[in-house]
Amino acid sequence: MKRLLVCLTLWAPLAAHAALNVFACEPEWAALATEIGGADVRVYAATTAQQDPHRIEARPSLIAQMRRADLVVCSGADLEAGWLPVLLRESNNPAVQPGRPGYFEASRFAPLRDKPASLDRSQGDVHAAGNPHLHADPRNLARVGAALAARMSELDPARAAAHQARWQAFSARWTAAIAGWEARAAPLRNMPVAVQHTSFSYLIAWLGLREVAILEPRPGIDPSVAHLGRLAAQLQADPPRAVLRAAYQSPRPADWLAQRLGVPALTLPYTVGGNARAGDLFALFDDTLDQLLKAAP
Amino acid sequence: MFRTTLLAAALTAAFPAFAQSDLDALRAELKEMKTAYEARIAALEARVQQAEAKPAAQPAPAPQADSAPVAGRFNPDISLILQGRYAHLDDIDERRIEGFLPAGHGHGDGASRGFSVDGTELILSASIDPYFRGQAILALLDEEVAIEEAWVQTTRLGHGVSVKAGRFRSGLGYQNEKHPHAWDFADSSLMYRALFGEGYGHDGVQLKWVAPTDLFMEFGAEAGRGAGFPGTDRNTNGAGAYTLFGHVGGDVGTSHSWRAGLAWLSAKADEREGELEDLNDEHAETLFSGTSKAWVADFVWKWAPDGNARERNFSFAAEYFRRAERGSLLCKDNTPAGACNGTADTYRSSQSGYYAQAVYQFMPRWRSGYRYDRLNPGSVDFGANNAFLPITNHQPTRHSLMLDYSPSEFSRLRLQYSKDQSMASQNENQWFVQYIHSLGSHGAHKF
């Protein structure tokens, strides 16, 4: 025990000079931090695309990672309300507490949609600040990226120039990619879609899709069979072109409705790692668009 | 330029004894400094002009920092737990765990039959300032408010260290820090009932350190008043109870995670009251004075496919304790028929027990669980009172099965069946129907 303590004490100051430790709540922010930080950062993604970011266990491994983080990057807007507060509290790491430079909430740097007019839990698991799934619009990633690059430069001034250079390079590629995606997505304009949860609101707004139905009766409340039956009857006359769900969501409701309506059920990657192809941010949107275009008229 | 002259003049005035040559040297030095600064300013100006001439590569988007409604930022997070139940229990006059000196009863000790509102709790928490956070948990009872927890904790110490002060649940074990609304079963485990009544709380201080390692490791030490069972309130300046605890934990792949811990508790008791049935089957009052030392080991393992707990998940938890009590026990009866005669003599006991539970969420909203409790009365020596008090070798056991349904994260309905053999004379079928609802802010729960 004593030897262990001695080892830890000797090792701690060494670790302090290492690369910036970034704790990313979701894979999209891990990918963005990696684009900006390159080899100058050590990025830990707390969740995978297969996990529902609303419902994560505050596992011991996450506390251990947060304990050593220099920067915590999360969506905010209460997306992580069920687990992030425990990690912040239990990790005893003052550098990443809210209000400190080491705490970065992406939702602070993009305009949020679906702000509830009234706050009442009878409306389901509503987020007071608005819809937190903002990364589904690539323009928001540009906005958040600029702020994140500035924050990372502030935290690691010695490598600020490198962070900024990488950010500028990424930003140029990203702007070009957005223009490309927008051009390709022209046929998607006004295409009616049904979604399982409000996780694609930003994507839908960006591409001009038409959201005709949400499978969840209220945000975060799973649809019952009766509810799905009613939806199917409602949509029969004018069915959507596709039913969308994120990789982490249960396939059953979307598949059931899609089959009933005779339209494709699309499993969009939602975030980096959501399927085999979506290995980085560019591939995430490439794959999302390809899938949607297949369903387009 | 003017300043240089002024400075020189001032220096001349201040140090009239300075030789002219010294002043010349000083002037030359100042001039040198001035030219150096002017050169640097010119360079900076050039850079600013350069930067201004360049077109902005990317218009920086205005941060929306204040557009989000930060409702009630300065108000504490408030949540109110509404909990009630219907219990179908046998009519047992005096519920005890046989072979164990009774622990003080926590609120909602699980004995009331029929409908009851138990465990109404008000939880307030917030950051106090940049240096502290605070939390209060009040248990609302009839004509009474019990302060379950009321503490402040440092947030700025760094190096993984935090200090908590006030009344708090000890960091020992797994279930201990959980309040009834976070339990997986309608009632507490027999082990915790025998050890602490409900959970071990302190009025005191806690020091906790989280190690900067990939493997989760935390170590803590507490010193407290020790007023709660197995200690008692004592009229003294020092601390009445000490605990040491450590936890390690981590992941195995993306689907599994675990945590294990070991803790030690030492508490002093001064005339701790208890009730036992003596050899004449009369209620005897006991007063214990001495020390109580306990070891608690805990292990938790959780599984969810791909780490996505929303659809299905499984958790297993087990805790084991050993407790040794040394001191003196006084036994007296208030009825002439009683056996005890007010003798105080040595008391030594060494007892143990455990529980193990498994909870499986087999589909969204629905969970089922099984818990097994078993205690070992071990060896008990009442000294001279052996002549008046029974020594049992009955091992209290209980099986519990539960099914719960959570319409949302804020509400839960539960049905539980237990077969309770806490006492040798008891073989009871217990039924509980329970609701646990929470109002207000989103309570994030620990692992």
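The values are calculated or read from the model by the stated rules, or taken from the named source; none is laboratory data. Computed from a predicted structure; not experimentally measured. Here the Cβ is made from the backbone with ideal geometry for all residues, glycine too, and neighbour counts use every protein chain on show.
Overview of values
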| quantity | calculated |
| --- | --- |
| Of all residues in the stretch B:114-151 being of a type in the set (S, T, N, Q) and closer than 24 Å to B:ALA165 by Cβ, the one that is surrounded by the fewest Cβ atoms within 10 Å (Cβ to Cβ) | B:SER127 |
| Helices (runs of 4 or more DSSP H) (entirely within the stretch A:1-81) containing at least 1 residues that are surrounded by 22 or more Cβ atoms within 10 Å (Cβ to Cβ) and modelled with pLDDT of 95 or more | A:27-37, A:60-67 |
| Exclusive hit being surrounded by 19 or more Cβ atoms within 10 Å (Cβ to Cβ), within 12 Å of chain B (Cβ to nearest Cβ) and either more than 16 Å from the chain's Cα centre (by Cα) or under 30 Å from A:ALA265 (Cβ atoms) (or both), set A:ALA136, A:ALA149 | A:ALA149 |
| Test: residue in the stretch B:403-423 that is away from chain A (no Cβ under 14 Å), exposed (fewer than 15 other Cβ atoms within 10 Å of the Cβ) and among the hydroxyl-bearing types (Ser, Thr, Tyr) | no |
| Residue in the stretch A:142-160 that is at pLDDT 95 or above, in contact with a Lys or Arg (Cβ under 7 Å, 6 or more places away or on another chain) and assigned to a helix (DSSP H, G or I) present | no |
| Only one of B:LEU195, B:LEU244 that is within 30 Å of B:ARG96 (Cα to Cα) and either within 14 Å of chain A (Cβ to nearest Cβ) or modelled with pLDDT of 95 or more (or both) | B:LEU244 |
| All strands (runs of 3 or more DSSP E) inside the stretch A:183-290 with 1 or more residues being more than 18 Å from A:ASN131 (Cβ to Cβ) and among the β-branched types (Val, Ile, Thr) | A:242-246, A:265-268 |
| Those residues of the stretch B:172-187 which are among the small types (Gly, Ala, Ser) and crowded, with 24+ Cβ neighbours inside 10 Å, in sequence order | B:GLY173, B:ALA186 |
| Total residues in the stretch A:82-99, condition assigned to a helix (DSSP H, G or I), closer than 21 Å to B:ASP214 by Cβ and without any contact (Cβ under 8 Å) to a residue 60 or more places away in the chain | 8 |
| Selected residue [aliphatic (A, V, I, L, M), buried (at least 21 other Cβ atoms within 10 Å of the Cβ) and within 14 Å of chain B (Cβ to nearest Cβ)] from A:ALA254, A:ALA258, A:ALA278, A:ALA242 | A:ALA254 |
| Residues within the stretch B:224-249 that are crowded, with 24+ Cβ neighbours inside 10 Å and β-branched (Val, Ile, Thr), tallied | 1 |
| Output for the stretch B:250-278, where each listed residue is within 17 Å of the chain's Cα centre (by Cα) and either in a loop (DSSP other than H, G, I, E, B) or buried (at least 18 other Cβ atoms within 10 Å of the Cβ) (or both) | B:ARG259, B:GLY261, B:ALA263, B:LEU265 |
| Close pairs from the stretch B:86-100: first farther than 19 Å from B:LEU389 by Cβ, partner surrounded by fewer than 18 Cβ atoms within 10 Å (Cβ to Cβ) and β-branched (Val, Ile, Thr), Cβ under 6 Å, at least 6 apart | B:TYR86/B:VAL433 |
| Any hit, the stretch A:62-80, residues being in contact with a helix residue (DSSP H, G or I) (Cβ under 7 Å, 6 or more places away or on another chain), more than 7 Å from chain B (Cβ to nearest Cβ) and β-branched (Val, Ile, Thr) | yes |
| Long-range neighbours under 9 Å by Cβ, at least six apart or interchain, first residue within 10 Å of chain B (Cβ to nearest Cβ) within the stretch A:216-233, second hydrophobic (A, V, I, L, M, F, W, C) and not in a helix (DSSP H, G or I) | A:ARG218/A:VAL126; A:GLY220/A:VAL126; A:ASP222/A:LEU215 |
| Qualifying position, being in contact with a Leu (Cβ under 9 Å, 6 or more places away or on another chain) and part of a loop (DSSP other than H, G, I, E, B), among B:ALA424, B:ALA444 | B:ALA444 |
| Single match in B:ALA358, B:ALA337, B:ALA317 (criterion: crowded, with 17+ Cβ neighbours inside 10 Å and either aliphatic (A, V, I, L, M) or under 16 Å from B:ALA194 (Cβ atoms) (or both)) | B:ALA317 |
| The stretch A:114-131, residues that are more than 24 Å from A:ALA33 (Cα to Cα), more than 9 Å from chain B (Cβ to nearest Cβ) and in a loop (DSSP other than H, G, I, E, B) | A:ASP114, A:PRO116, A:ALA117, A:SER118, A:ASP120, A:VAL126, A:HIS127 |
| The lone exception for B:THR120 - which of (1) of a type in the set (Ser, Thr, Tyr); (2) touching a residue at least 24 places away in the same chain (Cβ under 8 Å); (3) closer than 27 Å to B:GLU222 by Cβ it fails | (3) |
| A:SER107 buried (at least 23 other Cβ atoms within 10 Å of the Cβ), in contact with a Cys (Cβ under 9 Å, 6 or more places away or on another chain) and either facing chain B (nearest Cβ under 7 Å) or free of Cβ contacts under 8 Å to residues at least 24 places away in the same chain (or both) | yes |
| The stretch B:170-220, subset assigned to a helix (DSSP H, G or I) and small (Gly, Ala, Ser), residue nearest to the chain's Cα centre (by Cα) | B:ALA182 |
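Residue-wise test of (1) touching a Leu at 6+ places or on another chain (Cβ under 8 Å); (2) surrounded by fewer than 18 Cβ atoms within 10 Å (Cβ to Cβ); (3) of a type outside the set (Asp, Glu); (4) touching a residue at least 40 places away in the same chain (Cβ under 8 Å).
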site: A:ALA169; (1), (2), (3), (4): no, yes, yes, no
site: A:ALA172; (1), (2), (3), (4): no, yes, yes, no
site: A:GLY180; (1), (2), (3), (4): no, yes, yes, no
site: A:ALA183; (1), (2), (3), (4): no, yes, yes, no
site: A:PRO187; (1), (2), (3), (4): yes, yes, yes, yes
site: A:GLN196; (1), (2), (3), (4): yes, no, yes, yes
site: A:ARG210; (1), (2), (3), (4): no, yes, yes, no
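Results for (1) out of contact with any Asp or Glu (no Cβ under 6 Å at 6 or more places or on another chain); (2) among the acidic types (Asp, Glu); (3) farther than 28 Å from A:PRO251 by Cα, shown as yes or no for each residue.
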residue	(1), (2), (3)
A:ALA30	yes, no, no
A:ALA46	yes, no, no
A:ASP52	yes, yes, no
A:GLU57	yes, yes, no
A:ARG68	yes, no, yes
A:VAL86	yes, no, yes
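So that you can scan it fast, the table gives a plain yes or no per residue for (1) at pLDDT 95 or above; (2) more than 17 Å from the chain's Cα centre (by Cα); (3) within 13 Å of B:SER79 (Cβ to Cβ):
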residue: B:ILE128; (1), (2), (3): no, yes, no
residue: B:ALA139; (1), (2), (3): no, no, no
residue: B:GLU144; (1), (2), (3): no, yes, no
residue: B:GLU149; (1), (2), (3): yes, no, no
residue: B:ARG156; (1), (2), (3): no, yes, no
residue: B:VAL161; (1), (2), (3): yes, no, no
